[in-house]
Amino acid sequence: MLTMKAKYALRALCALADAHPERLQARQIATVADVPEKFLEAILVELRKAGIVASKRGVQGGHSLAKPADKIMVGDIIRTLDGPIAPIRCASVTAYRACEDCPEPEACALRMLMGDVRDAMSDVVDHRSLEQLASEGHRLRKKRVRASAKAGRKASARTR
């Protein structure tokens, strides 16, 4: 499951992708992405250490993407903040740990099933860039605005 930390990071990074090449201050990112500022600051530190975000101090300072949004994969962001994508540890490629209650991990059908789930999830997030995620967000917001405007026109027509 995706943690709130990773969800907030993805929203913040979409805000940075939208602002590129401008730098945004943490307060601006928090407002645009609707993320608590204090939590965001800790997330930005982790993203900077991972080479996803670049930060600059001072009057002209702020945060920006460290590389183009089309080169940042959603899977890399999730793994940076949440660790392995596997739904259970025994299905992880990088952080495997046998379940304490499993007598035979190599013959466990649940472990095999969760390995397939891990592979499917990884296939999606490892082939979706931050740029694609941000673009999809724009498309969905425009669609919602159009639907809201249409509903408003219908409501005002009924009141005439």
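Residue-wise, which Karplus ³J(HN,Hα) couplings in Hz belong to region 115-124, taking 6.51 cos²θ - 1.76 cosθ + 1.60, θ = phi - 60°, and x for glycine or proline?
Along region 115-124, the couplings run x, 5, 4, 4, 4, 5, 4, 4, 4, 6 Hz.
Once the Cβ-Cβ distance between T31 and L110 is put in as r, and R0 is 45 Å, what FRET efficiency do you end up with, to the nearest 0.05? Don't skip to the answer; put the middle values down first.
Working: r = 43 Å, r/R0 = 0.97.
After rounding to 0.05, the efficiency reads 0.55.
Given an 8 Å cut-off on Cα distances and at least 6 residues of separation, report the relative contact order of the chain as a percent. Mind dumping the intermediate values first?
Numbers: 181 pairs, mean separation 36.5, N = 160.
It rounds to 23 percent for the chain.
If amide H atoms are built 1.01 Å from N in the plane of the peptide, which residues on other chains or at least 5 residues away come under 5 Å of the amide H of A54?
Distant-sequence amide H within range of A54: S64, L65, A66.
Rule-based calculations on the coordinates, nothing more; no lab input. Note that the coordinates shown come from a computational prediction; the quantities given were computed from them, not determined experimentally. Positions of Cβ are backbone-derived with ideal geometry, glycine not excepted, and every protein chain shown enters the neighbour counts.
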